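Student: One structure coming up, written as structure tokens, with questions to follow.
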Amino acid sequence: MSLPAYTRIRAVGAGSFHSLAVTTGGHVLAWGSNNLGQLGNATTTGSAAPVFVHLPAGVHAVAVAGGDDYSLAVTSDGRVFAWGFNGEGQLGNGTTTTSIVPVQVHLPAGTRVTAIAAGGDDSLAVTSDGRALAWGINDTGQLGDGSTTDRSVPVLVHLPAGTRVTGIAGGDFHSVAVTTDGRVLAWGFNDEGQLGNGTATSSSVPVPVDLPAFTRAFAVAARGNFSLALARRACPPAALSASVAYPDVEANAAADAGGATHPFGMNLSSI
């Protein structure tokens, strides 16, 4: 891929048929399909090479995300901009009018966003105080607000009391989030078990994912009808007893090379 001269990339994202990148200088580049303005360069002409998204003057992006035919960017000061298709309100500016240049998402007053994600036609964000926001299509409960009503401005996801999230992701019709204490929550369509709670029942509010025992998640991802989590295995209480035998360092290294399991149950070949 041919980047503009002297450009360095700090973050990337992708929609269905378009790609996005954030430069170290806070600019956003986009390339691919542009039939609905998802490249954000004030045209509907696709591009096989990166073009600059027309961010407002003085705006510096730190992360991007792509939905089916639209794009999102979060800025260094916690604002969110969106562009492209808006038929379901996924641009979050209180309209359903598609835009070929970035428009500002109408966040609740005083809100600063630290992370964003895009599903098929719904948008998601994590705030600086650990809340989750969602907007756009909601036909299968993927906004997590207890309804199936589309939203053209962000609404709060109905997280369990006391829950704070650090990361969020969107599939085609479902959403997932990871919490500060390593749990994973999911909501929306569940026909293929993508909510991970042992059922195929959809939910319009977050439900806990049944993680393996002693597992703490620290990142999540979603696409189509499946979900993913990066997690660490915590030490089972029994492993802390004085009776546990600890192999020496050389033996551990040799075992790791063959994908063996540590006394604490962590298979390092899978990390």
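Student: I'm trying to understand the selection: among the residues of the range 159-175, which are among the hydroxyl-bearing types (Ser, Thr, Tyr) and touching a Leu at 6+ places or on another chain (Cβ under 8 Å)? Walk me through how you get there before you give the answer.
Tutor: Quick first cut of the range 159-175, residues among the hydroxyl-bearing types (Ser, Thr, Tyr) only: 163, 166, 175.
Within the range 159-175, 163, 175 qualify.
Student: Shifting gears a bit: If we keep just the residues of the range 18-46 that are in contact with a Lys or Arg (Cβ under 9 Å, 6 or more places away or on another chain), of a type in the set (Val, Ile, Thr) and in a strand (DSSP E or B), which is nearest to residue 75 (Cα to Cα)?
Tutor: Once the filter is applied, the top-ranked residue is 22.
Student: Restricting the search to the range 145-173, which residues are closer than 14 Å to residue 208 by Cβ, loosely packed, with under 15 Cβ neighbours inside 10 Å and without any contact (Cβ under 8 Å) to a residue 40 or more places away in the chain?
Tutor: Passing the criteria: 161, 162.
Student: A further question follows. Looking at the range 4-15, is at least one residue of a type in the set (D, E, K, R), more than 20 Å from residue 91 (Cβ to Cβ) and over 17 Å from the mean Cα position of the chain (by Cα)?
Tutor: yes
Student: So if I check each of 96, 43, which one is out of contact with any Gly (no Cβ under 7 Å at 6 or more places or on another chain), hydroxyl-bearing (Ser, Thr, Tyr) and either surrounded by fewer than 22 Cβ atoms within 10 Å (Cβ to Cβ) or modelled with pLDDT under 95 (or both)?
Tutor: Being out of contact with any Gly (no Cβ under 7 Å at 6 or more places or on another chain), hydroxyl-bearing (Ser, Thr, Tyr) and either surrounded by fewer than 22 Cβ atoms within 10 Å (Cβ to Cβ) or modelled with pLDDT under 95 (or both) holds for just one of 96, 43, which is 43.
Student: Right, here's the next one. Out of the residues in the range 47-76 meeting the condition of being assigned to a loop (DSSP other than H, G, I, E, B) and small (Gly, Ala, Ser), tell me which one is nearest to the chain's Cα centre (by Cα). Give the steps one after another, and end with the answer.
Tutor: Initially, the range 47-76 is screened for residues assigned to a loop (DSSP other than H, G, I, E, B), giving 53-60, 67-69, 76.
Those left that are additionally small (Gly, Ala, Ser): 57-58, 67, 76.
Details: 57: 26, 58: 25, 67: 11, 76: 17 Å.
Selected residue: 67.
Student: Next up: Suppose we filter 134, 125, 117, 186 for residues that are assigned to a strand (DSSP E or B), out of contact with any Pro (no Cβ under 9 Å at 6 or more places or on another chain), modelled with pLDDT of 95 or more and crowded, with 24+ Cβ neighbours inside 10 Å; which single one remains?
Tutor: After ruling out the rest, the residue left standing is 117.
Student: If only one of 139, 121 is in contact with a Phe, Trp or Tyr (Cβ under 8 Å, 6 or more places away or on another chain) and either outside the structural domain of residue 157 (by TED's automatic domain parsing) or closer than 24 Å to residue 19 by Cα (or both), which one is it?
Tutor: Selected residue: 121, the only one of 139, 121 that is in contact with a Phe, Trp or Tyr (Cβ under 8 Å, 6 or more places away or on another chain) and either outside the structural domain of residue 157 (by TED's automatic domain parsing) or closer than 24 Å to residue 19 by Cα (or both).
Student: Among the residues of the range 59-75, are any surrounded by fewer than 17 Cβ atoms within 10 Å (Cβ to Cβ), at pLDDT 95 or above and of a type in the set (Gly, Ala, Ser)?
Tutor: Looking only at the range 59-75, we keep the residues that are surrounded by fewer than 17 Cβ atoms within 10 Å (Cβ to Cβ), and these are 60.
Applying the additional criterion that residues be at pLDDT 95 or above yields 60.
Those left that are additionally of a type in the set (Gly, Ala, Ser): none.
No, the range 59-75 contains no residue that is surrounded by fewer than 17 Cβ atoms within 10 Å (Cβ to Cβ), at pLDDT 95 or above and of a type in the set (Gly, Ala, Ser).
Student: Only one of these conditions is not met by residue 181: (1) touching an Asp or Glu at 6+ places or on another chain (Cβ under 9 Å); (2) outside any strand (DSSP E or B). Which number is it?
Tutor: Here residue 181 clears every test but (1).
Student: Restricting attention to the range 218-233, and to residues there that are in a strand (DSSP E or B) and among the small types (Gly, Ala, Ser), which single residue is nearest to residue 197 (Cα to Cα)? If you could, list the steps in order and put the result at the bottom.
Tutor: Let us first name the residues in the range 218-233 that are in a strand (DSSP E or B), namely 218-223, 226-233.
If we keep only those that are among the small types (Gly, Ala, Ser) as well, we get 219, 221-222, 227, 229, 231.
Details: 219: 18, 221: 16, 222: 15, 227: 12, 229: 14, 231: 17 Å.
Ranking the qualifying residues of the range 218-233, first place goes to 227.
The values are calculated or read from the model by the stated rules, or taken from the named source; none is laboratory data. Everything numeric in this text was worked out from a predicted model, so none of it was measured. Virtual Cβ from ideal backbone geometry, glycine too; neighbours counted across all protein chains shown.
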